[in-house]
1. What does the charge count around LEU239 come to, taking other residues whose C-beta lies under 15 Å from its C-beta (Lys +1, Arg +1, Asp -1, Glu -1)?
2. Using 7 Å Cα-to-Cβ label points, what is the ILE236/LEU61 separation (nm, one decimal)?
3. So, in nm, how far is label GLU142 from label VAL48 when the simple model puts each one 7 Å beyond its Cα toward the Cβ?
4. What does the extension gain come out to for TYR191 and LEU40, with contour length at 0.36 nm per residue minus their alpha carbon separation?
5. Sum up the charges of everything whose Cβ sits under 12 Å from the Cβ of ILE252, counting Lys and Arg as +1 and Asp and Glu as -1, but leave ILE252 out.
6. Would you mind checking the pairs LYS139/LYS168; LYS139/LYS189; LYS183/LYS254 and listing those with alpha carbons more than 23 angstrom apart?
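Quick note: the coordinates plus some simple rules give every number you see, no bench work behind them. The structure displayed is predicted, hence computed values, not measured ones. Here Cβ is always computed from backbone atoms with ideal geometry, including for glycine, and neighbour counts include all displayed protein chains.
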Amino acid sequence: MAEGGVGTCPQVFVVDSQANYVSVPDIKKSRWAGVGHKFLLLLLGLTVLGLVVEGYLIYNLYKKMEAFSLCMSHPLCQNLSKASGQQGSTIMSLVAPKESNEIPTARSHLEQVQQRPFAQLTGSSSPVGKNSVVQWVYKGGETTTYNMDYKDGRLLVREEGHYYLYSKVTLNAAEECSLIQHKVMKDTKAYDQSIELMKSKSFRCWTPKPSSAKSSSARGQPLEGDDLWNSFLAGIFHLQSGDEIFVTLDDIQKIRPGTTDNFMGAFMISP
């Protein structure tokens with residue numbers, strides 16, 4: 001202490017070791033942690049959804065390939081493919097499917113083909129009809145009709161569309177020379193007279209057979225003295241509901257009766 005003066009008192013600092021410290025939570029950090037957790041859950045959900053969609057697409061592709069294989073093994077599908085290839089671009093334009101927003105499959109196409117109208121008629125034991133119209137068997141045996149009707153030698157069309165028509169007849173020309181005409185005709189509401197769709201014309205004369213020819217009627221072969229001639233007609237035509245399709249034959253008395261010698265048919269190839 002200095003002489004003659006008063007000494008300065010030292011400053012005293014007191015530290016309270018019992019004081020409580022209040023910690024401030026890190027609000028910003030916890031908030032970002034919650035957002036990151038939600039983002040991870042979203043990514044996980046999108047991943048699972050992508051796997052489900054991919055599995056569905058693979059399954060759908062597998063079913064389409066299976067349906068396509070089924071169609072290619074079906075005889076009707078194969079026959080339609082061959083017929084379209086032989087007829088060329090004209091038939092392809094007729095059988096082309098209508099525009100649609102739906103994706104076509106081989107199975108649905110095959111089902112549509114199976115549901116289209118068709119008919120197969122065979123020769124009758126009494127084939128001679130009025131006005132030279134050939135009569136047919138339309139029930140039993142190898143005959144069949146679907147969504148088409150038959151009356152007095154005529155096929156009645158129910159649904160409008162493009163149809164493949166065909167007819168075969170067999171005649172016995174073992175007589176004097178004559179002109180034979182085989183026709184496929186159509187009656188429609190738009191005209192008062194029949195319309196000629198197809199025609200085969202032939203001038204036939206009897207050709208005597210050698211005397212050594214043997215009769216083989218029991219085996220289905222022509223008898224001695226027969227001079228058989230056959231005609232086949234086929235084509236594609238647009239038919240309307242209510243149209244009638246029939247076959248006429250000049251000198252119809254010369255037709256050779258039989259279920260295998262004569263037949264007529266039709267089936268829709270495109271609505």
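1. On the way: positive: ARG116, ARG154, ARG158, LYS186, LYS189; negative: ASP149, GLU159, GLU160, ASP187, GLU196, ASP243, GLU244.
Net local charge, LEU239 excluded: -2.
2. Distance between label points: 3.3 nm.
3. Placing both labels 7 Å beyond Cα along the Cβ direction yields 6.3 nm.
4. Details: separation 151, 0.36 × 151 = 54.36 nm, distance 7.62 nm.
My answer for the length gained is 46.7 nm.
5. Values: positive: LYS130, LYS183, LYS254, ARG256; negative: ASP250, ASP251.
Result for the local shell: +2.
6. Values: LYS139/LYS168 18 Å; LYS139/LYS189 27 Å; LYS183/LYS254 15 Å.
Listed pairs above 23 Å: LYS139/LYS189.
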